[in-house]
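All remarks here apply to the structure that follows.
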Amino acid sequence: MKKQVKIWIECARLRTLPVSLSGVVMAIALTSWLGELRWVPALLCVVFALLAQVVSNFANEYYDWRRGTDKVGRVGPRRGVTEGDIQPQMLWRVTMTTLAADAAVGLCLIPYGGWWLLPVGIVIAVAALAYTAGSYPLSYHGLGELAVFIFFGVVPVVLTHYVQAGHFNFTIIPLAGMAVGLMAVNVLLVNNYRDVDDDREAGKRTSVVIFGRVPAAAAYLINGYVAVSLLTPLWGLAVLGQGLPRWALLVPVLYLVLHTATWWQLRHRDGAALNPLLGATARNMLLFTILLAVALVHG
């Protein structure tokens with residue numbers, strides 16, 4: 001029983017959950033800072049985002065297996081279906097059940113955001129599956145980073161704020177969404193950086209396969225610095241002590257130190273040695289988000 005639970009936890013890829021959680025946490029903190037926080041829709045957004053991430057992870061494993069992309073004994077984390085630990089039909093049923101649960105949570109947000117959220121939710125669900133499914137899977141054509149930037153950065157931040165505040169914010173909220181999106185892209189870059197040889201052999205044209213490891217590593221480093229610079233208005237307020245404590249200036253410094261150290265390891269590791277950097281990149285992202293959230297709440 002314990003072994004089976006562990007297998008499903010690995011399949012859900014819990015180490016990637018900070019990617020979906022960070023955007024929602026960022027939006028909740030900013031909404032609180034702006035005096036517009038509403039806890040019920042905020043918590044619904046947390047659950048929706050986490051379930052959407054799990055759905056995407058389940059679907060990725062299922063469709064990568066169907067396409068024959070994954071191999072037994074792969075360098076990356078163990079894949080239950082490929083290794084024969086999980087029956088494909090069972091994974092598909094669990095994926096659809098999780099998707100249905102996520103849809104139910106999304107419907108609960110309609111009273112707060114309006115019926116227009118229904119087609120938006122459908123687009124999000126389709127995107128979660130289209131990452132590896134369909135006749136033109138995004139991750140197989142160098143579009144994975146764009147999808148992550150939009151659906152794990154801009155969309156969760158903007159919509160989480162909207163369902164609480166009842167209006168769109170065209171100042172700091174979109175900038176925060178782009179910052180989170182760039183940090184989320186880095187998690188995917190590490191994954192594709194590690195798998196570049198297997199992906200190339202399988203015909204999976206990720207951005208790293210298309211452009212190579214050197215540009216991918218450079219993009220990883222640049223993304224982190226651009227993400228921090230996008231929030232310059234907040235750092236300016238911290239300097240002035242207006243709405244943010246001055247210690248908030250330590251948040252970007254700490255993140256960039258950790259980010260640069262992770263990038264350095266990325267350039268000097270290969271194979272399975274890159275696996276810990278996936279979690280480290282997600283950790284850097286979540287730590288930045290949580291510390292900034294604390295500063296915003298106490299601002």
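Read-outs throughout are calculated quantities, based only on the coordinates presented, and are distinct from any laboratory measurement. Quick caveat: nothing in here was measured; it's all calculated off a predicted structure. Counting neighbours? That spans all protein chains shown, and the Cβs are built from the backbone with ideal geometry, glycine included.
Worth pointing out:
- Residue-by-residue Karplus 3J(HN,Hα) for the stretch 53-66, coefficients 6.51, -1.76, 1.60, Hz, glycine and proline x: 5, 5, 4, 4, 5, 4, 5, 4, 5, 5, 6, 5, 5, 4
- In the chain, the calculated helix contribution to ellipticity at 222 nm averages -23500 deg cm²/dmol per residue, counting -39,500 (n - 2.57) for every DSSP H run with n ≥ 4.
- Whole-Å distance, taken between Cα centres, linking the stretch 179-230 and the stretch 260-279: 12 Å
- Positive end of the dipole of the stretch 2-297 (Cβ unit charges, origin at the Cα centre): among TYR193, PHE151, GLN164, the Cα lying farthest that way belongs to TYR193.
- Scalar couplings 3J(HN,Hα) for the stretch 206-216, obtained by applying the Karplus form with A = 6.51, B = -1.76, C = 1.60 to θ = phi - 60°, are 6, 4, 6, 5, 5, 9, x, 6, 5, x, 5 Hz; x denotes Gly and Pro.
- Residue order, fewest to most surrounding Cβ atoms within 10 angstrom, among LYS3, LYS204: LYS3, LYS204
- The chain - percent relative contact order, Cα under 8 Å, separation 6 or more: 24 percent
- Coupling constants for the stretch 95-101 follow from the phi torsions by the Karplus curve (6.51 cos²θ - 1.76 cosθ + 1.60, θ = phi - 60°), and in residue order they are 4, 5, 5, 5, 4, 5, 5 Hz; glycine and proline get x.
- Under the criterion of Cα pairs below 8 Å and six or more residues apart, the relative contact order for the stretch 180-240 equals 38 percent.
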